[in-house]
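Before any comments, here is the structure.
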Amino acid sequence: MPAATLAKQWRYIYETGKSQNPPIALATSFAYLYLAWSASRVGGKNQMLLYSFAAASTIAIVPFTLLIMQPTIRRLSWKAESPANAPLDRSDEDEIDKLLVKWSNLNQARGLLPLMGTVFALAAAL
């Protein structure tokens with residue numbers, strides 16, 4: 001599949017995730033913060049800390065995206081905006097392929113943040 005087509009497909013998937021995932025992370029973080037507050041009221045300091053870590057690591061997807069992933073996202077978005085009939089030379093194709101691999105690796109790392117939040121929350125619940 002041509003790299004330009006892949007970039008356009010990436011853009012669609014990215015835009016969908018961009019509109020859905022931050023509100024979900026925010027709601028989940030608020031739920032963890034409520035649990036941290038509740039634990040603090042009954043004297044569960046360890047639970048309070050674990051739920052607080054769960055909240056922080058879950059919402060951390062937002063700054064991770066803005067601070068670490070943004071240069072790759074900007075470059076891929078720019079490549080995805082090129083006209084469909086514009087021919088790409090080999091260096092453009094290679095750059096898109098490299099950017100997609102880089103974004104995929106960063107996205108996997110970002111996906112570990114809410115997973116860590118879940119682990120913290122499970123530890124607090126035990």
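The values are calculated or read from the model by the stated rules, or taken from the named source; none is laboratory data. Just so we're clear, the structure is a prediction, and the values are computed from it rather than from any experiment. Virtual Cβ from ideal backbone geometry, glycine too; neighbours counted across all protein chains shown.
Listed values, structure above:
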read-out	value
Which listed residue is at pLDDT 95 or above and within 17 Å of the chain's Cα centre (by Cα), from Leu100, Leu50, Leu33	Leu100
Counted residues, the stretch 59-72 - those being more than 13 Å from Ala25 (Cα to Cα) and in contact with a Lys or Arg (Cβ under 9 Å, 6 or more places away or on another chain)	3
Pairs where the first residue, in the stretch 106-125, is under 12 Å from Leu35 (Cβ atoms) and the second is surrounded by 14 or more Cβ atoms within 10 Å (Cβ to Cβ) and of a type in the set (Val, Ile, Thr), C-beta under 7 Å, 6+ apart	Gly117/Thr58
Condition met for Leu88 (of a type in the set (A, V, I, L, M, F, W, C), in contact with a Pro (Cβ under 9 Å, 6 or more places away or on another chain) and more than 16 Å from Leu26 (Cβ to Cβ))	yes
